[in-house]
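FYI, it's all coordinate maths here, none of it is from the lab. Please read these numbers as outputs of a predicted model, since none were measured by experiment. In this analysis, Cβ positions are derived from the backbone assuming ideal geometry, glycine residues included, and neighbour counts consider all displayed protein chains.
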Amino acid sequence: MDVPGNSPVHDVAPDASGAGAPPAKLGRNVYALGAVSFFTDVSSEMIYPLLPVFLTTVLGASAGFIGTIEGAAESTAALLKLASGWWSDRVQRRKPLVVAGYVLASVVRPLVAIAQNATQVLLIRVSDRVGKGIRSSPRDALIADSVHPSMRGKAFGVRNAADNAGALLGPVIAFALLSWFHLSLRAVFWLAAIPGAIAIVVAIFGIREVARTSAAPGKKAELAGGMGARFWAFLAVIFIFTLGNSTDAFLLLRAKQLGVPVALAPIIWALLNGVKSLSNVPGGALSDRIGRRPVLVAGWVVYALVYFLFARASQSWHAWALFAGYGIFFGLTEGTELALVADVVPKERRGAAYGWYYLALGVGALPASLLFGVLWDRFGSPVAFSVGASLALLAAVAMLFLPRAAPAT
């Protein structure tokens, strides 16, 4: 059954927590979670881009083992996002899981500095992703619980903008510490503990639990039930798009083909994160005003256009322009997708809904990258990018036919 109360303008589903006139401000939780995301990403991105070099040159790990580390880490996170989201629905508390996830990740992440072999890095990296798996779904559900439905897109845009700003600043700080102050990799890893500690303090003292209406007596939160056919239809469309959304490492490889020097790879990556951060809030707010569906479709069309142009690009400046355009895609879709999940499920199912959403992304990511890689190797990069663009257009068309919720009575 679809969630009633859908606005013909916004295509959202207000609930009791959002009754009445929308507030003028987003509220404390949105900004607190944005700050936590910012400092966490600064800490993470001071380490993550340096890990392959550290593993291969310092610890002597193979490329295959690096792939094992990342595969194990992301798979673990995807499964935990479902479990933690469902559990936050069941116990009707989000903050403990959010704080626990951030604390675990921030404590274990800098321990890479004392790792003596690749296996220890594997354990640390998996523990870091366990923290992400624990916090992600309850965090997004808490944001949805904290704001009026008419401001959900903007709220998620604020958090994503902060997250992407941290992803921009972290590598810049690491570059400065290595190049200007000539610190060792291990010293940079230790210094990453500073923004991580700030994130923990903000999470503990800045985030507040949101009181929610208890479920019916004797009724327990289900893992997959009670979300409505519209949610599962949306998830199917998301999965179609994800099959064409391979790892962004291929974009960097294509930029190298077009003549962008390897030394400038961090700069073009910073450009992408900068555009993402600048466009997240306007994109999310736009979905509040004109509806989730048109903004999401527009974002996927932008993605398809960028991929089609990557297939036909021939000069290095094309790569710079297309990376900037790719950032606009994220601005239009990141907050909109998260807001739409909250729009179409009952509030007591939000945690599990976000878990299923993240699981769909995680399950689709592996075959997407494998397919793209095979097409690239056998037929060349233009064919691979064209197939990715076609799947994005297919998802956009499917989104246009997604069932609408029942009109407000």
The chain: relative contact order from alpha carbon pairs under 8 Å, six or more residues apart, as a whole percent, is 30
Per the C-alpha gyration tensor (a ≥ b ≥ c, the square roots of its eigenvalues), segment 250-319 is rounded if a/c is under 1.5, else prolate if a/b beats b/c, else oblate; here it's oblate
Full extension between Lys256 and Val301 adds, at 0.36 nm per residue less the Cα distance, a length in nm of 13.7 nm
Expected max-MSF residue from Val188, Val36, Val201 in the GNM of the chain (alpha carbon, under 10 Å) is Val201
The rounded separation in angstrom of the Cα centers of segment 256-284 and segment 355-401 is 21
GNM of the chain, Cα pairs under 10 angstrom: of Gly170, Gly196, Gly380, the biggest fluctuation goes to Gly380
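Sort largest first and round to whole Å: the equivalent ellipsoid semi-axes of the chain, each the square root of five times a Cα gyration tensor eigenvalue.
Values for the chain, descending: 33, 27, 19 Å.
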Over 22 Å (Cα to Cα) among Lys95/Lys347; Lys154/Lys276; Lys154/Lys347; Lys95/Lys276; Lys25/Lys81 -> Lys95/Lys276; Lys25/Lys81
Summed over the other residues with a beta carbon less than 13 angstrom from that of Ala313, with K and R at +1 and D and E at -1, the charge totals +3
Among Val374, Gly206, Val341, the residue whose Cα sits farthest towards the positive end of the charge dipole of the chain (+1 at Cβ of Lys and Arg, -1 at Cβ of Asp and Glu, taken about the Cα centre) is Gly206
Quick calc, segment 103-211, dipole around Cα centre from Cβ unit charges on Lys, Arg (+) and Asp, Glu (-), nearest 20 debye, gives 100
Among segment 344-361, those whose backbone N falls under 16 Å of a label point 7 Å along Cα→Cβ from Leu223 are 351-360
Residue span Trp180 to Leu366: 0.36 nm per residue of separation minus Cα-Cα distance leaves a gain in nm of 63.2 nm
Of segment 43-64, those with amide N under 16 Å from the point 7 Å along the Cα→Cβ vector of Ala249 are 48-57, 61-64
Everything considered on the Cα gyration tensor (a ≥ b ≥ c; rounded for a/c under 1.5, else prolate if a/b is larger than b/c, else oblate), segment 294-378 must be described as oblate
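Quick one: net charge of Gly170's neighbours, Cβ under 10 Å, K/R +1, D/E -1?
Working: positive: none; negative: Asp41, Glu45.
Once positives and negatives cancel, what remains is -2.
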Computed, not fitted: 222 nm per-residue ellipticity of the chain from DSSP H runs ≥ 4 (each -39500 (n - 2.57)), nearest 500, equal to -24500 deg cm²/dmol
Heads up, segment 106-187 by the C-alpha gyration tensor (a ≥ b ≥ c square roots of eigenvalues; a/c under 1.5 rounded, else a/b over b/c prolate, else oblate) looks oblate
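Averaged across orientations, what area in nm² does the convex hull of the alpha carbons in segment 239-372 project? Please list the in-between numbers first.
Working: hull surface 33.5 nm².
Spelled out: convex hull of the Cα atoms, projected over all directions, averaged, 8.4 nm².
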Between Leu79 and Leu123, the two model label points (7 Å from Cα along the beta-carbon direction) sit apart by a distance in nm of 1.9
Rounded to one decimal in nm, the spacing of the 7 Å Cα→Cβ label points at Ala265 and Ala187 is 2.5
Two pseudo-spin positions, 7 Å from Cα along C-beta at Val107 and at Ile194, lie apart in nanometres by 2.3
